[in-house]
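**Student:** I'd like to ask you about the structure that follows.
We did not get these values from a lab; they are worked out from the coordinates using the rules stated. Fair warning: this is a prediction, and the values are worked out from it, not measured in the lab.
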Amino acid sequence: MSPRPAAHAAPTTCSAFSSRLGEPIAGTAPTATAWLAVEQPGPWGARALTESRLDPQLGAELGRRAEGTGVRIALIRRVGHHAPADADAPRRVLMASTIPGRTVLRAMTVHDPRELLDLDFAALGSGQLEAGDPHPDPALLICTNSKRDQCCAVFGRALARDVADLREVPGELELWETDHLGGHRFAPTALVLPTGYLYGRVDAATALLAVERAAKGAISLDNCRGRSTWSRRGQAADLALRGELALHDADAVEIVDEQETAPDRWTVFARAQGETYRVEVHQQIPAEARPESCGKAFGNPPAQHVVSITRPAEM
C-alpha cells in the first residue's frame with residue numbers, strides 16, 4: 001500500500017492557532033457519565049442529531065430525553081461511509097457507562113431507530129445498563145464532521161483512515177467516525193469507550209496505544225484531554241494525579257468532591273490508592289485570543305492549570 005499524503009489545513013484554522021499557542025489540552029473533554037452512540041450513515045449537518053438522514057423529530061426527542069441525565073448522544077458511521085444508506089438497514093448502537101466501578105460497554109442492533117425511545121436514559125446515565133449485550137473490546141470514535149469544523153474534517157478523516165489501515169490491537173476494535181467531540185481546535189480528536197477518556201492532536205500510533213491500553217483496563221496519558229465522567233477541573237486533577245503517581249489503571253482515580261475557594265480557584269479531592277489527595281486547580285483566561293472553532297469569532301477559552309497536589313500525609 002502506497003503511503004497516503006499527509007493531511008494539511010491552512011495556518012489560520014482553529015487547530016493551527018491552538019498548536020502555535022501551545023494551548024494545554026488537559027481538562028478540555030466534554031462531560032458525560034454515559035455515551036449513546038447511534039449508527040447513522042450518510043451526510044451530517046452541524047447539528048447532526050437533527051440534521052442528518054435520521055428523522056429530525058426523533059433526533060430532537062432523543063436529545064430531549066438525554067438532557068439532565070449525563071448521557072451524551074453521538075452519531076457514528078463506518079470509516080468512509082458517507083453515502084446515504086437504506087432507511088430500513090439495521091443500525092449498530094453502543095452504550096457506555098464511564099463511571100469508575102460501573103465502566104461497561106454494551107452493544108445492540110436496532111432495525112428501527114425509534115426503538116431507542118424505549119431506553120431508560122436516567123438509568124443509562126447512572127451506569128445501570130441493561131439493554132444490549134456486553135461488548136468486551138473497546139471502541140474508538142474519531143470526530144470527522146465537516147459541517148461542524150474544517151479541522152475535524154481534514155485531520156479527523158485522515159486519522160480514521162490511518163487507524164483503519166494500521167490497527168493491530170487485540171480483539172475486534174469498534175472503529176467509527178463520529179459527529180462531535182468538542183474541542184475542534186485540538187483536532188484530530190478521539191474518544192475511547194467505555195472509559196470515556198478523550199484525546200486530542202493524536203496520530204494513529206497514539207490512538208492505537210490508547211485502544212491497546214483500554215483493552216487491558218488501562219489508559220494512556222499521551223495527548224489525553226480527560227475523562228468525560230468528571231468536570232473540566234476534575235479532568236485536569238485526574239490527569240495530574242495519574243502523572244504524579246504513575247497510575248494507569250482506568251479506575252485508579254475517582255473525583256470525590258470539588259470546592260470553589262475563590263473565583264476561578266478550585267480544590268478538587270481525588271481518591272487514589274485508598275487515600276484522598278487534594279489538588280488545587282486554577283482556571284486561567286489566556287492573554288492571546290484564538291478561534292475555538294474554524295469560522296467563529298476569536299475568543300479566550302479558559303484553561304485548567306493544576307498548581308499543586310497535596311498528599312494525604314501532608315493534609
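**Student:** What number, in percent, do you get for the relative contact order of the range 233-275 if the mean sequence gap of Cα pairs under 8 Å and at least 6 apart is divided by its residue count? Please list the in-between numbers first.
**Tutor:** Details: 45 pairs, mean separation 16.0, N = 43.
Contact order relative to length: 37 percent.
**Student:** Follow-up. Only Cα pairs within less than 10 Å get springs; with that Gaussian network setup on the chain, which residue of Leu175, Leu191, Leu119 has the largest fluctuation?
**Tutor:** Leu119
**Student:** Further question on the same structure: Between Arg157, Arg265, Arg20, which gets the highest mean-square fluctuation from a Gaussian network model of the chain, Cα cutoff 10 Å?
**Tutor:** Arg20
**Student:** Please report, to one decimal in angstroms, the Kirkwood hydrodynamic radius of the chain built from all distinct Cα-Cα pairs. The partial results should precede the final answer.
**Tutor:** Values: mean 1/r = 0.0502 Å⁻¹.
Computed over the chain, the radius equals 19.9 Å.
**Student:** Right, next: Grab the DSSP H runs of the chain that are 4 residues or longer, score each as -39,500 (n - 2.57), total them, divide by all residues and round the 222 nm result to the nearest 500 deg cm²/dmol.
**Tutor:** Numbers: 6 runs with 59 residues, N = 315.
For the chain, the value works out to -5500 deg cm²/dmol.
**Student:** In addition: Compute a Gaussian network model of the chain, connecting alpha carbons closer than 10 Å, and tell me which residue from Thr50, Thr33, Thr229 fluctuates the most.
**Tutor:** Comparing Thr50, Thr33, Thr229 in the GNM, the peak value goes to Thr50.
**Student:** Full-extension gain between Asp249 and Asp118, please, as 0.36 nm times their residue separation minus the C-alpha to C-alpha distance.
**Tutor:** Gain on stretching Asp249 to Asp118: 43.8 nm.
**Student:** While we're looking at this one, here's another question. Given an 8 Å cut-off on Cα distances and at least 6 residues of separation, report the relative contact order of the range 1-230 as a percent. Kindly include the intermediate steps, with their values, before the conclusion.
**Tutor:** Numbers: 507 pairs, mean separation 57.3, N = 230.
Reported relative contact order: 25 percent.
**Student:** Relative contact order for the range 203-303: what percent, with Cα pairs under 8 Å and sequence separation of 6 or more? Present the calculation step by step, with values, prior to reporting the outcome.
**Tutor:** Details: 136 pairs, mean separation 16.9, N = 101.
Computed value for the range 203-303: 17 percent relative contact order.
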